[in-house]
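Q: Mind having a look at this structure? Questions to follow.
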Amino acid sequence: MSVRNALLALLEQGPRYGYQLRAEFEDRTGGTWPLNVGQVYTTLARLERDGFVEVRGEDGDGHVVYTVTSRGREEVAAWFSSPVARTQPPREELAIKLALAVSVPGVDVGTVIQQQRSATMAALQDYTRLKRRATGDDPHELAWGLVLDSLVFNAEAEIRWLDHCEARLRRVAQDRDDGGPSSVEPGSSVEPFETPRPSAPQEPLAETMNEGGAR
Amino acid sequence: MNAVLELDTVTRIHGSGATEVTALRAVSFTAYAGELVAVMGPSGSGKSTLLTLAGGLDSPTSGAVRVEGTDLAALGQKGRAAMRRTSIGYVFQDFNLIPALTAVENVALPRELDGAGARSARKVAQAALDEVGIGELARRFPDEMSGGQQQRVAIARAIVGERRLILADEPTGALDSETGEDILRLIRARCDAGAAGVLVTHEARHAAWADRVVFLRDGVIVDESGNDRPDALLESAR
(Lines give C-alpha, C1' and ligand atoms only; values in the text may rest on other atoms or scores of the structure.)
Protein backbone atom coordinates (compact mmCIF):
# COMPACT_ATOMS: atom_id res chain seq x y z
CA MET A 1 0.00 0.00 0.00
CA SER A 2 2.69 2.50 1.04
CA VAL A 3 4.91 1.64 -1.94
CA ARG A 4 1.97 2.07 -4.32
CA ASN A 5 1.14 5.49 -2.89
CA ALA A 6 4.77 6.55 -2.75
CA LEU A 7 5.28 5.68 -6.44
CA LEU A 8 2.13 7.57 -7.33
CA ALA A 9 3.35 10.61 -5.40
CA LEU A 10 6.65 10.49 -7.28
CA LEU A 11 4.85 10.24 -10.62
CA GLU A 12 2.82 13.29 -9.73
CA GLN A 13 6.04 15.29 -10.10
CA GLY A 14 6.46 14.21 -13.72
CA PRO A 15 6.57 11.17 -16.01
CA ARG A 16 9.12 8.52 -15.03
CA TYR A 17 10.08 4.95 -15.86
CA GLY A 18 10.48 2.03 -13.46
CA TYR A 19 14.19 2.23 -12.68
CA GLN A 20 13.92 5.95 -12.07
CA LEU A 21 11.06 5.40 -9.62
CA ARG A 22 12.97 2.80 -7.72
CA ALA A 23 16.07 4.99 -7.49
CA GLU A 24 14.06 8.00 -6.29
CA PHE A 25 12.12 5.99 -3.73
CA GLU A 26 15.32 4.58 -2.26
CA ASP A 27 17.05 7.93 -2.36
CA ARG A 28 14.32 9.62 -0.36
CA THR A 29 14.06 6.89 2.23
CA GLY A 30 17.80 6.32 2.48
CA GLY A 31 17.58 2.78 1.12
CA THR A 32 15.78 1.73 4.30
CA TRP A 33 13.20 -0.32 2.39
CA PRO A 34 14.92 -1.67 -0.73
CA LEU A 35 12.60 -2.30 -3.69
CA ASN A 36 13.30 -4.75 -6.45
CA VAL A 37 12.50 -3.52 -9.89
CA GLY A 38 10.02 -6.37 -10.45
CA GLN A 39 8.01 -5.10 -7.52
CA VAL A 40 8.02 -1.63 -9.06
CA TYR A 41 6.71 -2.90 -12.39
CA THR A 42 3.97 -5.08 -10.89
CA THR A 43 2.87 -2.11 -8.79
CA LEU A 44 2.85 0.11 -11.89
CA ALA A 45 0.82 -2.50 -13.78
CA ARG A 46 -1.76 -2.52 -11.01
CA LEU A 47 -1.87 1.28 -10.90
CA GLU A 48 -2.42 1.29 -14.67
CA ARG A 49 -5.19 -1.31 -14.40
CA ASP A 50 -6.94 0.84 -11.78
CA GLY A 51 -6.67 3.94 -13.96
CA PHE A 52 -4.26 5.90 -11.72
CA VAL A 53 -1.39 5.98 -14.24
CA GLU A 54 -1.06 5.55 -17.99
CA VAL A 55 1.72 4.69 -20.40
CA ARG A 56 2.74 7.50 -22.72
CA GLY A 57 5.05 5.44 -24.92
CA GLU A 58 8.79 5.07 -24.58
CA ASP A 59 11.67 7.48 -24.20
CA GLY A 60 14.65 7.57 -26.56
CA ASP A 61 16.35 4.67 -24.76
CA GLY A 62 13.33 2.39 -24.94
CA HIS A 63 12.14 2.85 -21.31
CA VAL A 64 8.37 2.60 -20.80
CA VAL A 65 7.37 5.96 -19.34
CA TYR A 66 4.43 6.27 -16.94
CA THR A 67 2.34 9.39 -16.32
CA VAL A 68 -0.12 10.05 -13.52
CA THR A 69 -3.81 10.49 -14.48
CA SER A 70 -6.21 12.93 -12.86
CA ARG A 71 -7.64 10.06 -10.83
CA GLY A 72 -4.12 9.29 -9.73
CA ARG A 73 -3.65 12.87 -8.57
CA GLU A 74 -6.81 12.64 -6.50
CA GLU A 75 -5.52 9.41 -4.99
CA VAL A 76 -2.26 11.07 -3.95
CA ALA A 77 -4.11 14.03 -2.46
CA ALA A 78 -6.37 11.66 -0.51
CA TRP A 79 -3.33 9.75 0.78
CA PHE A 80 -1.62 12.86 2.09
CA SER A 81 -4.79 14.19 3.69
CA SER A 82 -5.76 11.06 5.62
CA PRO A 83 -4.04 9.38 8.57
CA VAL A 84 -2.41 5.98 8.17
CA ALA A 85 -4.89 3.39 9.43
CA ARG A 86 -4.07 1.55 12.64
CA THR A 87 -6.30 -1.45 12.30
CA GLN A 88 -5.01 -4.87 13.28
CA PRO A 89 -1.78 -4.61 15.25
CA PRO A 90 0.93 -6.06 13.03
CA ARG A 91 2.07 -9.50 14.12
CA GLU A 92 4.83 -8.50 16.48
CA GLU A 93 7.29 -11.30 16.94
CA LEU A 94 8.80 -9.78 20.06
CA ALA A 95 5.47 -9.34 21.86
CA ILE A 96 4.52 -12.88 20.95
CA LYS A 97 7.88 -14.19 22.15
CA LEU A 98 7.58 -12.44 25.52
CA ALA A 99 3.98 -13.53 25.97
CA LEU A 100 5.15 -17.10 25.54
CA ALA A 101 8.30 -16.63 27.61
CA VAL A 102 6.29 -15.61 30.68
CA SER A 103 3.81 -18.45 30.27
CA VAL A 104 6.08 -21.34 29.28
CA PRO A 105 7.85 -22.94 32.27
CA GLY A 106 11.63 -22.90 32.37
CA VAL A 107 12.30 -19.80 30.26
CA ASP A 108 14.52 -17.13 31.84
CA VAL A 109 12.46 -14.08 30.96
CA GLY A 110 15.04 -11.68 32.36
CA THR A 111 17.62 -12.94 29.89
CA VAL A 112 15.16 -12.83 26.99
CA ILE A 113 14.49 -9.16 27.81
CA GLN A 114 18.13 -8.17 28.27
CA GLN A 115 19.23 -9.89 25.06
CA GLN A 116 16.61 -8.03 23.11
CA ARG A 117 17.37 -4.73 24.81
CA SER A 118 21.05 -5.07 23.95
CA ALA A 119 20.32 -5.91 20.32
CA THR A 120 17.83 -3.08 19.93
CA MET A 121 20.25 -0.67 21.58
CA ALA A 122 22.95 -1.69 19.09
CA ALA A 123 20.52 -0.92 16.25
CA LEU A 124 19.66 2.39 17.86
CA GLN A 125 23.36 3.24 18.05
CA ASP A 126 23.69 2.45 14.33
CA TYR A 127 20.75 4.70 13.40
CA THR A 128 22.16 7.49 15.56
CA ARG A 129 25.54 7.16 13.86
CA LEU A 130 23.83 7.55 10.47
CA LYS A 131 21.89 10.52 11.80
CA ARG A 132 25.07 12.25 12.88
CA ARG A 133 26.19 12.12 9.26
CA ALA A 134 22.88 13.30 7.77
CA THR A 135 22.92 16.91 8.89
CA GLY A 136 22.30 18.71 5.60
CA ASP A 137 19.23 20.83 5.04
CA ASP A 138 18.45 19.90 1.43
CA PRO A 139 15.09 18.15 1.00
CA HIS A 140 16.57 14.73 0.28
CA GLU A 141 18.80 14.70 3.37
CA LEU A 142 15.87 15.98 5.38
CA ALA A 143 13.61 13.21 4.04
CA TRP A 144 16.14 10.59 4.99
CA GLY A 145 16.75 12.21 8.37
CA LEU A 146 13.05 11.94 9.18
CA VAL A 147 12.96 8.28 8.13
CA LEU A 148 15.91 7.68 10.45
CA ASP A 149 14.10 9.50 13.26
CA SER A 150 11.15 7.19 12.74
CA LEU A 151 13.41 4.15 13.13
CA VAL A 152 15.02 5.76 16.19
CA PHE A 153 11.71 6.45 17.90
CA ASN A 154 10.44 2.94 17.13
CA ALA A 155 13.56 1.33 18.59
CA GLU A 156 13.28 3.60 21.62
CA ALA A 157 9.65 2.60 22.11
CA GLU A 158 10.67 -1.04 22.03
CA ILE A 159 13.35 -0.51 24.69
CA ARG A 160 10.94 1.45 26.88
CA TRP A 161 8.43 -1.34 26.59
CA LEU A 162 11.11 -3.90 27.54
CA ASP A 163 12.05 -1.76 30.58
CA HIS A 164 8.40 -1.65 31.52
CA CYS A 165 8.00 -5.44 31.16
CA GLU A 166 11.05 -6.00 33.32
CA ALA A 167 9.86 -3.62 36.03
CA ARG A 168 6.43 -5.25 36.11
CA LEU A 169 7.79 -8.77 36.26
CA ARG A 170 10.10 -7.75 39.10
CA ARG A 171 7.24 -6.26 41.03
CA VAL A 172 5.15 -9.39 40.63
CA ALA A 173 8.07 -11.53 41.79
CA GLN A 174 8.70 -9.19 44.73
CA ASP A 175 5.06 -9.12 45.81
CA ARG A 176 5.16 -12.88 45.88
CA ASP A 177 8.32 -12.82 48.01
CA ASP A 178 6.74 -10.36 50.43
CA GLY A 179 3.68 -12.53 50.72
CA GLY A 180 6.06 -15.29 51.74
CA PRO A 181 6.27 -18.67 50.05
CA SER A 182 4.45 -20.40 52.90
CA SER A 183 1.80 -17.78 53.71
CA VAL A 184 -0.88 -19.21 51.47
CA GLU A 185 -0.98 -22.29 49.40
CA PRO A 186 0.95 -21.84 46.17
CA GLY A 187 -1.05 -20.74 43.20
CA SER A 188 -3.78 -19.05 45.19
CA SER A 189 -2.07 -15.64 45.38
CA VAL A 190 -3.52 -12.73 43.45
CA GLU A 191 -2.26 -13.09 39.95
CA PRO A 192 -3.85 -10.56 37.59
CA PHE A 193 -2.51 -12.08 34.39
CA GLU A 194 -3.61 -15.54 35.41
CA THR A 195 -7.17 -14.85 36.43
CA PRO A 196 -8.57 -15.01 32.90
CA ARG A 197 -6.96 -18.41 32.49
CA PRO A 198 -7.84 -20.36 35.63
CA SER A 199 -6.78 -23.61 34.07
CA ALA A 200 -3.27 -22.40 33.19
CA PRO A 201 -0.32 -24.23 34.77
CA GLN A 202 0.25 -22.72 38.17
CA GLU A 203 2.65 -19.81 38.65
CA PRO A 204 4.65 -20.00 35.46
CA LEU A 205 6.23 -16.65 36.30
CA ALA A 206 7.46 -17.71 39.71
CA GLU A 207 9.49 -20.44 38.11
CA THR A 208 11.24 -18.09 35.78
CA MET A 209 11.70 -14.90 37.77
CA ASN A 210 12.01 -16.14 41.27
CA GLU A 211 14.24 -18.93 42.43
CA GLY A 212 13.09 -20.52 45.64
CA GLY A 213 9.55 -20.63 44.38
CA ALA A 214 6.87 -23.05 45.40
CA ARG A 215 8.47 -26.13 43.96
CA MET B 1 45.01 4.46 23.98
CA ASN B 2 44.81 5.84 27.49
CA ALA B 3 42.16 5.28 30.09
CA VAL B 4 40.88 8.61 31.41
CA LEU B 5 38.52 7.13 33.99
CA GLU B 6 38.94 3.77 35.69
CA LEU B 7 36.70 2.21 38.30
CA ASP B 8 38.51 -0.80 39.69
CA THR B 9 36.27 -3.29 41.57
CA VAL B 10 34.35 -0.46 43.16
CA THR B 11 31.78 -1.18 45.87
CA ARG B 12 29.76 1.54 47.56
CA ILE B 13 27.62 0.72 50.57
CA HIS B 14 25.34 3.34 52.11
CA GLY B 15 24.39 3.05 55.77
CA SER B 16 25.05 -0.01 57.91
CA GLY B 17 23.29 -2.83 59.69
CA ALA B 18 19.63 -3.37 58.86
CA THR B 19 19.41 -0.26 56.67
CA GLU B 20 22.54 -1.09 54.69
CA VAL B 21 22.15 -0.57 50.96
CA THR B 22 24.72 -1.69 48.43
CA ALA B 23 24.57 0.89 45.63
CA LEU B 24 27.45 -0.56 43.61
CA ARG B 25 28.85 -4.06 43.83
CA ALA B 26 32.42 -4.69 42.60
CA VAL B 27 31.97 -2.64 39.45
CA SER B 28 34.89 -2.31 37.06
CA PHE B 29 34.53 0.22 34.31
CA THR B 30 36.85 2.18 32.04
CA ALA B 31 36.30 5.18 29.79
CA TYR B 32 39.03 5.83 27.26
CA ALA B 33 40.06 9.11 25.65
CA GLY B 34 37.89 9.86 22.62
CA GLU B 35 35.06 7.68 23.81
CA LEU B 36 31.54 8.42 25.02
CA VAL B 37 30.07 5.74 27.28
CA ALA B 38 26.43 5.72 28.35
CA VAL B 39 25.29 4.15 31.59
CA MET B 40 21.66 3.06 31.56
CA GLY B 41 19.54 1.65 34.30
CA PRO B 42 16.30 2.17 36.20
CA SER B 43 16.25 4.39 39.27
CA GLY B 44 18.05 2.74 42.13
CA SER B 45 20.36 0.78 39.84
CA GLY B 46 23.43 2.71 41.00
CA LYS B 47 24.04 4.87 37.96
CA SER B 48 24.12 8.19 39.81
CA THR B 49 26.38 6.68 42.48
CA LEU B 50 28.75 5.61 39.72
CA LEU B 51 28.90 9.16 38.41
CA THR B 52 29.41 10.84 41.79
CA LEU B 53 32.26 8.40 42.51
CA ALA B 54 33.81 9.12 39.13
CA GLY B 55 33.62 12.85 39.85
CA GLY B 56 35.24 12.52 43.26
CA LEU B 57 32.09 13.81 44.97
CA ASP B 58 31.84 10.58 46.95
CA SER B 59 34.32 7.84 47.89
CA PRO B 60 33.99 4.09 47.38
CA THR B 61 33.63 1.70 50.32
CA SER B 62 36.21 -0.48 48.60
CA GLY B 63 38.02 -0.46 45.29
CA ALA B 64 39.71 2.43 43.50
CA VAL B 65 38.64 5.29 41.23
CA ARG B 66 41.41 6.64 39.02
CA VAL B 67 41.24 9.73 36.80
CA GLU B 68 44.08 9.97 34.30
CA GLY B 69 45.99 7.42 36.36
CA THR B 70 45.62 9.24 39.70
CA ASP B 71 43.82 7.45 42.53
CA LEU B 72 41.25 9.94 43.81
CA ALA B 73 41.44 8.50 47.34
CA ALA B 74 45.16 9.28 47.50
CA LEU B 75 44.53 12.93 46.66
CA GLY B 76 42.65 13.90 49.79
CA GLN B 77 39.80 16.37 49.99
CA LYS B 78 41.74 19.37 48.70
CA GLY B 79 43.39 17.48 45.89
CA ARG B 80 40.06 16.09 44.73
CA ALA B 81 38.54 19.58 44.70
CA ALA B 82 41.44 20.80 42.58
CA MET B 83 40.97 17.82 40.27
CA ARG B 84 37.30 18.72 39.85
CA ARG B 85 38.20 22.27 38.90
CA THR B 86 40.83 21.34 36.35
CA SER B 87 40.25 17.85 34.96
CA ILE B 88 36.64 16.85 35.46
CA GLY B 89 33.64 18.57 33.92
CA TYR B 90 30.23 17.85 35.40
CA VAL B 91 26.92 18.50 33.64
CA PHE B 92 23.73 18.21 35.68
CA GLN B 93 20.10 17.80 34.67
CA ASP B 94 19.12 21.11 36.29
CA PHE B 95 22.11 23.05 34.89
CA ASN B 96 23.34 24.22 38.35
CA LEU B 97 24.34 27.68 37.19
CA ILE B 98 24.84 30.46 39.72
CA PRO B 99 21.91 32.86 39.11
CA ALA B 100 23.78 35.99 40.21
CA LEU B 101 26.57 35.47 37.66
CA THR B 102 26.45 36.02 33.90
CA ALA B 103 27.10 33.16 31.48
CA VAL B 104 30.75 34.02 31.03
CA GLU B 105 31.24 34.49 34.79
CA ASN B 106 29.69 31.09 35.47
CA VAL B 107 32.06 29.45 33.02
CA ALA B 108 35.10 31.40 34.27
CA LEU B 109 34.43 30.62 37.94
CA PRO B 110 36.24 27.27 38.22
CA ARG B 111 39.32 28.78 36.58
CA GLU B 112 39.25 31.79 38.88
CA LEU B 113 38.82 29.57 41.93
CA ASP B 114 41.85 27.73 40.69
CA GLY B 115 43.89 30.92 40.86
CA ALA B 116 43.83 32.01 37.23
CA GLY B 117 43.70 35.75 36.68
CA ALA B 118 40.24 37.16 35.99
CA ARG B 119 41.16 38.30 32.49
CA SER B 120 42.66 35.05 31.33
CA ALA B 121 39.79 33.09 32.94
CA ARG B 122 37.28 35.24 31.05
CA LYS B 123 39.15 34.70 27.84
CA VAL B 124 39.03 30.89 27.99
CA ALA B 125 35.43 31.09 29.21
CA GLN B 126 34.47 33.14 26.16
CA ALA B 127 36.20 30.60 23.92
CA ALA B 128 34.23 27.78 25.54
CA LEU B 129 30.96 29.67 25.05
CA ASP B 130 31.89 30.24 21.40
CA GLU B 131 32.56 26.52 21.03
CA VAL B 132 29.06 25.60 22.24
CA GLY B 133 27.53 28.19 19.93
CA ILE B 134 26.36 30.89 22.36
CA GLY B 135 29.30 33.27 22.41
CA GLU B 136 26.95 36.21 21.91
CA LEU B 137 25.03 35.43 25.12
CA ALA B 138 28.09 35.78 27.35
CA ARG B 139 26.71 38.72 29.34
CA ARG B 140 23.26 37.28 29.96
CA PHE B 141 22.18 35.98 33.34
CA PRO B 142 20.77 32.43 33.56
CA ASP B 143 17.16 33.62 33.99
CA GLU B 144 17.49 35.55 30.72
CA MET B 145 18.18 32.36 28.78
CA SER B 146 16.14 29.35 27.62
CA GLY B 147 16.71 25.93 29.15
CA GLY B 148 18.72 24.81 26.14
CA GLN B 149 20.93 27.90 26.32
CA GLN B 150 21.50 27.42 30.05
CA GLN B 151 22.54 23.83 29.45
CA ARG B 152 24.99 25.04 26.81
CA VAL B 153 26.51 27.36 29.41
CA ALA B 154 26.78 24.38 31.77
CA ILE B 155 28.54 22.39 29.06
CA ALA B 156 30.90 25.28 28.37
CA ARG B 157 31.69 25.28 32.08
CA ALA B 158 32.31 21.52 31.93
CA ILE B 159 34.72 21.70 28.99
CA VAL B 160 36.49 24.98 29.76
CA GLY B 161 40.27 24.71 29.87
CA GLU B 162 40.78 21.40 28.06
CA ARG B 163 39.21 19.15 30.63
CA ARG B 164 39.48 15.55 29.56
CA LEU B 165 36.69 13.89 31.52
CA ILE B 166 33.08 14.96 31.07
CA LEU B 167 30.47 13.46 33.37
CA ALA B 168 26.85 14.14 32.45
CA ASP B 169 23.90 13.20 34.66
CA GLU B 170 20.66 13.20 32.61
CA PRO B 171 21.83 16.38 30.83
CA THR B 172 18.81 16.42 28.53
CA GLY B 173 16.21 15.62 31.16
CA ALA B 174 14.64 19.05 31.28
CA LEU B 175 14.83 19.78 27.53
CA ASP B 176 12.62 19.02 24.53
CA SER B 177 13.79 16.34 22.12
CA GLU B 178 15.35 18.64 19.51
CA THR B 179 17.22 20.79 22.06
CA GLY B 180 18.30 17.67 23.93
CA GLU B 181 19.78 16.34 20.71
CA ASP B 182 21.83 19.52 20.23
CA ILE B 183 23.27 19.05 23.71
CA LEU B 184 24.23 15.45 22.91
CA ARG B 185 25.87 16.60 19.70
CA LEU B 186 28.04 18.98 21.73
CA ILE B 187 29.10 16.32 24.23
CA ARG B 188 29.71 13.91 21.36
CA ALA B 189 31.86 16.47 19.53
CA ARG B 190 33.96 17.01 22.63
CA CYS B 191 34.57 13.27 22.91
CA ASP B 192 35.40 13.04 19.22
CA ALA B 193 37.97 15.75 19.92
CA GLY B 194 39.67 13.54 22.49
CA ALA B 195 37.83 13.82 25.82
CA ALA B 196 36.31 10.84 27.61
CA GLY B 197 32.62 11.16 28.38
CA VAL B 198 30.29 9.30 30.69
CA LEU B 199 26.60 9.92 30.16
CA VAL B 200 24.06 8.67 32.67
CA THR B 201 20.55 8.46 31.26
CA HIS B 202 17.41 6.38 31.33
CA GLU B 203 16.51 7.37 27.76
CA ALA B 204 17.60 4.87 25.15
CA ARG B 205 17.48 7.47 22.39
CA HIS B 206 20.09 9.54 24.19
CA ALA B 207 22.24 6.61 25.24
CA ALA B 208 22.44 5.71 21.54
CA TRP B 209 24.81 8.64 20.99
CA ALA B 210 27.46 6.74 22.93
CA ASP B 211 30.07 4.35 21.57
CA ARG B 212 29.24 1.89 24.31
CA VAL B 213 26.16 1.44 26.44
CA VAL B 214 26.56 -0.16 29.85
CA PHE B 215 23.46 -1.61 31.53
CA LEU B 216 23.36 -1.38 35.30
CA ARG B 217 20.97 -3.41 37.48
CA ASP B 218 21.06 -3.47 41.27
CA GLY B 219 24.58 -2.10 41.37
CA VAL B 220 26.02 -4.61 38.91
CA ILE B 221 26.91 -4.21 35.23
CA VAL B 222 24.76 -6.84 33.54
CA ASP B 223 25.50 -6.19 29.90
CA GLU B 224 27.14 -3.92 27.39
CA SER B 225 26.22 -3.04 23.84
CA GLY B 226 28.13 -1.33 21.08
CA ASN B 227 31.43 -1.95 19.44
CA ASP B 228 34.38 -2.63 21.62
CA ARG B 229 37.13 -0.22 20.80
CA PRO B 230 39.79 -2.14 18.97
CA ASP B 231 42.50 -0.70 21.21
CA ALA B 232 40.49 -1.65 24.31
CA LEU B 233 40.47 -5.20 23.01
CA LEU B 234 44.20 -5.03 22.46
CA GLU B 235 44.79 -3.85 26.01
CA SER B 236 42.71 -6.58 27.54
CA ALA B 237 44.60 -9.15 25.46
CA ARG B 238 47.92 -7.95 26.79
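The values are calculated or read from the model by the stated rules, or taken from the named source; none is laboratory data. As the structure is a prediction and not an experimental result, all values here were calculated from the model. With ideal geometry, Cβ positions are generated from the backbone for all residues, glycine too; neighbour counts draw on all protein chains shown. All accessible areas refer to the heavy atoms of the entire protein, side chains included, with ligands and DNA or RNA removed. Shrake-Rupley method; radii C 1.70, N 1.55, O 1.52, S 1.80 Å.
Q: Which ones in the range A:109-142 are open to solvent by 40 Å² or more (accessible area, probe 1.4 Å) and within 13 Å of another protein chain (Cβ to nearest Cβ)?
A: If the condition is that a residue be open to solvent by 40 Å² or more (accessible area, probe 1.4 Å) and within 13 Å of another protein chain (Cβ to nearest Cβ), then A:111, A:115, A:116, A:119, A:126, A:127, A:129, A:130, A:132, A:133, A:135 are the ones that fit.
Q: Within the range B:189-224, work out how many residues are within 10 Å of chain A (Cβ to nearest Cβ), over 14 Å from residue B:169 (Cα atoms), open to solvent by 10 Å² or more (accessible area, probe 1.4 Å) and under 17 Å from the mean Cα position of the chain (by Cα).
A: Number satisfying all stated conditions: 4.
Q: For the range A:49-86, which residues satisfy the criterion of being assigned to a loop (DSSP other than H, G, I, E, B) and open to solvent by less than 90 Å² (accessible area, probe 1.4 Å)?
A: Matches in the range A:49-86: A:50, A:51, A:52, A:59, A:60, A:62, A:63, A:69, A:82, A:85.
Q: Follow-up question, since we're still on this one. So residue B:180 fits all but one of (1) open to solvent by less than 20 Å² (accessible area, probe 1.4 Å); (2) touching a residue at least 60 places away in the same chain (Cβ under 8 Å); (3) outside any strand (DSSP E or B); what number is the exception?
A: Against the list (1) open to solvent by less than 20 Å² (accessible area, probe 1.4 Å); (2) touching a residue at least 60 places away in the same chain (Cβ under 8 Å); (3) outside any strand (DSSP E or B), residue B:180 comes up short only on (2).
Q: For residue A:155, indicate whether it is open to solvent by 30 Å² or more (accessible area, probe 1.4 Å), assigned to a helix (DSSP H, G or I) and out of contact with any Cys (no Cβ under 7 Å at 6 or more places or on another chain).
A: Judged against the criteria, residue A:155 is not a match.
Q: Another question, if that's okay. Here are B:157, B:111, B:122: which of them is modelled with pLDDT under 95, open to solvent by 30 Å² or more (accessible area, probe 1.4 Å) and under 21 Å from residue B:181 (Cα atoms)?
A: Testing whether each residue is modelled with pLDDT under 95, open to solvent by 30 Å² or more (accessible area, probe 1.4 Å) and under 21 Å from residue B:181 (Cα atoms) leaves just B:157.
Q: Is there a residue being outside any loop (DSSP other than H, G, I, E, B), modelled with pLDDT of 90 or more, farther than 25 Å from residue B:84 by Cα and small (Gly, Ala, Ser) anywhere in the range B:203-223?
A: Within the range B:203-223, one or more residues are outside any loop (DSSP other than H, G, I, E, B), modelled with pLDDT of 90 or more, farther than 25 Å from residue B:84 by Cα and small (Gly, Ala, Ser).
Q: Quick check on the range B:162-175. Is at least one of its residues facing chain A (nearest Cβ under 10 Å) and surrounded by fewer than 18 Cβ atoms within 10 Å (Cβ to Cβ)?
A: No.
Q: A further question on this structure: Which of the residues that make up the range B:93-124 are assigned to a helix (DSSP H, G or I) and charged (D, E, K, R)?
A: B:105, B:111, B:112, B:119, B:122, B:123
Q: Residue A:146 fails exactly one of the following numbered conditions: (1) at pLDDT 85 or above; (2) away from every other protein chain (no Cβ under 11 Å); (3) touching a Lys or Arg at 6+ places or on another chain (Cβ under 9 Å). What is the number of that condition?
A: With respect to (1) at pLDDT 85 or above; (2) away from every other protein chain (no Cβ under 11 Å); (3) touching a Lys or Arg at 6+ places or on another chain (Cβ under 9 Å), residue A:146 is out only on (3).
Q: Now for a separate question. In the range A:22-47, how many residues are open to solvent by less than 80 Å² (accessible area, probe 1.4 Å) and part of a helix (DSSP H, G or I)?
A: Count: 17.
Q: Now a separate question. Do you know which residues across the range B:139-170 are closer than 14 Å to residue B:98 by Cα, among the basic types (Lys, Arg) and touching a residue at least 40 places away in the same chain (Cβ under 8 Å)?
A: B:157
To keep it simple, each residue is scored yes or no on (1) more than 15 Å from the chain's Cα centre (by Cα); (2) under 30 Å from residue B:49 (Cβ atoms).
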| site | (1), (2) |
| --- | --- |
| B:97 | yes, yes |
| B:101 | yes, yes |
| B:114 | yes, yes |
| B:141 | yes, no |
| B:152 | no, yes |
